[in-house]
1. May I ask you to say which residue of P64, P131 is in contact with a helix residue (DSSP H, G or I) (Cβ under 7 Å, 6 or more places away or on another chain) and either open to solvent by less than 30 Å² (accessible area, probe 1.4 Å) or at positive phi (or both)?
2. Tell me whether the range 130-153 contains one or more residues that are farther than 18 Å from L5 by Cα and more than 17 Å from the chain's Cα centre (by Cα).
3. Evaluate the following for A137: is it farther than 27 Å from S231 by Cα and within 13 Å of ligand 1 (Cβ to nearest atom)?
4. Restricting to the range 268-292, give me the number of residues that are over 16 Å from A230 (Cβ atoms) and either among the charged types (D, E, K, R) or in the same structural domain as I192 (by TED's automatic domain parsing) (or both).
5. Taking the range 264-309 as the region of interest, how many residues are buried (at least 24 other Cβ atoms within 10 Å of the Cβ) and of a type in the set (K, R)?
6. Among the residues of the range 2-12, is there at least one that is open to solvent by less than 10 Å² (accessible area, probe 1.4 Å), at pLDDT 95 or above and farther than 20 Å from P167 by Cβ?
7. In the range 45-102, how many are part of a strand (DSSP E or B), small (G, A, S) and farther than 16 Å from D178 by Cβ?
Amino acid sequence: MQTTLTDSAKEAADILNSGGVVAFPTETVYGLGAGICHTEAIRQLFHAKGRPGDNPLIVHIYSPEQLTDVAEEINQSARLLIEHFFPGPLTLVLKKNQRVPYSVTAGLETVGVRCPANPLAQEFLSHCSSPVAAPSANLSGLPSATSWEAVYEDLHGKINALLRGKPSTIGIESTIVDCSGSVPVLLRAGAITLEQLEAVLPEIIVNVHTDKQEIPKSPGLKYPHYAPKASIRLLQANDEITIRPSSAYIGLSAPPEGVSLFRICPTLQEYGRHLFSFFRHCDSQGIKMIYCELPENIGIGRAIRDRLIRASGKR
Ligand code: TXA
Ligand code: MG
């Protein structure tokens, strides 16, 4: 398959509207989109990523007004979150309506909905004739793609088009909050932090995922994720380590002596923004081991910790 590279949101949307699978930028990570009613495109999208069929897709809209196109009910907690954080790096899980096919929700009665703030994403989505189902635009299991070049590396020849935008400014996937039950639940940490959510919804609880849970609240959480080819070793303050050859480091503090490649991030925001692109860069350089400083569970540190722990295979 020929993958069309384009800078035009309209051209990308036209390809999606005619049943194509199209990657597009968002402020979190790049997404791989198909119209929710294009059954064949949805099937191709799962196939291109190598994604297990029981992992539901997030539906993307350009304006909160489109929520009624996909959600059966928007309760008070969802309303408050929409008011505070839409558009932005937040996905809400809501009861789905009959317009959302089960191929998108992997058989669930709920749907994840996100309204990205990235202007090019908004322009693209506004030209799409229906809401757009989109997982992250990477091969399943690999780090999410935060630049169009990373999408190209994973998916060229497997998708119809790639809308080239700027690198993602956040670099970590959206926060997911399940608002479909009586108590809101944080399913995945992201750039909208638990502290920000608690300020709006003091009753919110954090989902504790264990591998023993038969049906995880968020099906995707049970799969391996975000892993580069290199091994990941998590570093905490005062850890004594012997540096292996061909190793790299990313974190807030100074790197351990002897690593051949490193990135010091002055803030947690920068750590999040560069994490996945650094993983991919290390793979391209043949790095065998990446030492990653494990930040505290505060602010976006919670999301970075979560991705690091998963990438290291510890969860
Ligand atoms: O920032 C993001 O969220 C990016 C951009 C493209 O929007 N998307 C993304 O999609 O990260 P993906 O497919 O890589 O991760 C979506 C996660 C999966 O863990 C999936 O199981 C969960 O969202 N999810 C989707 N629909 C759900 C639902 N109805 N209930 C619970 N979890 C759901
Ligand atoms: Mg993903």
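The values are calculated or read from the model by the stated rules, or taken from the named source; none is laboratory data. Here the structure is a predicted model, which is why all the values come from computation and not from measurement. We place every Cβ from the backbone using ideal geometry, glycine too, and count neighbours over all the protein chains shown. When the accessible area is computed, the model is the full protein with side chains, heavy atoms only, and any ligands, DNA or RNA have been set aside. Shrake-Rupley method; radii C 1.70, N 1.55, O 1.52, S 1.80 Å.
1. Numbers: P64 fails: either open to solvent by less than 30 Å² (accessible area, probe 1.4 Å) or at positive phi (or both).
Selected residue: P131, the only one of P64, P131 that is in contact with a helix residue (DSSP H, G or I) (Cβ under 7 Å, 6 or more places away or on another chain) and either open to solvent by less than 30 Å² (accessible area, probe 1.4 Å) or at positive phi (or both).
2. Yes, there is a match, as at least one residue in the range 130-153 is farther than 18 Å from L5 by Cα and more than 17 Å from the chain's Cα centre (by Cα).
3. Working: farther than 27 Å from S231 by Cα: no; within 13 Å of ligand 1 (Cβ to nearest atom): yes.
No: the conditions fail for A137.
4. First, pick out the residues of the range 268-292 that are over 16 Å from A230 (Cβ atoms): 268-273.
Then drop every residue that is not either among the charged types (D, E, K, R) or in the same structural domain as I192 (by TED's automatic domain parsing) (or both), which leaves 270, 273.
Within the range 268-292, residues that are over 16 Å from A230 (Cβ atoms) and either among the charged types (D, E, K, R) or in the same structural domain as I192 (by TED's automatic domain parsing) (or both) number 2.
5. 1
6. Pass one, the range 2-12, residues open to solvent by less than 10 Å² (accessible area, probe 1.4 Å): 6, 9, 12.
Filter again for at pLDDT 95 or above, leaving 6, 9, 12.
Add one more test, that the residue is farther than 20 Å from P167 by Cβ, and what stays is none.
So far as the range 2-12 goes, no, none of its residues is open to solvent by less than 10 Å² (accessible area, probe 1.4 Å), at pLDDT 95 or above and farther than 20 Å from P167 by Cβ.
7. First pass over the range 45-102, keeping only residues part of a strand (DSSP E or B): 58-60, 71, 90-96.
After this cut, where a residue has to be small (G, A, S) as well, the list is 71.
Next, from what is left, pick out any that are farther than 16 Å from D178 by Cβ: none.
Looking only at that region, the number is 0.
Rundown of residues vs (1) outside any helix (DSSP H, G or I); (2) under 20 Å from the mean Cα position of the chain (by Cα), yes/no style:
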site: Y249; (1), (2): yes, no
site: S253; (1), (2): yes, no
site: V259; (1), (2): yes, no
site: Y271; (1), (2): no, yes
site: I298; (1), (2): yes, yes
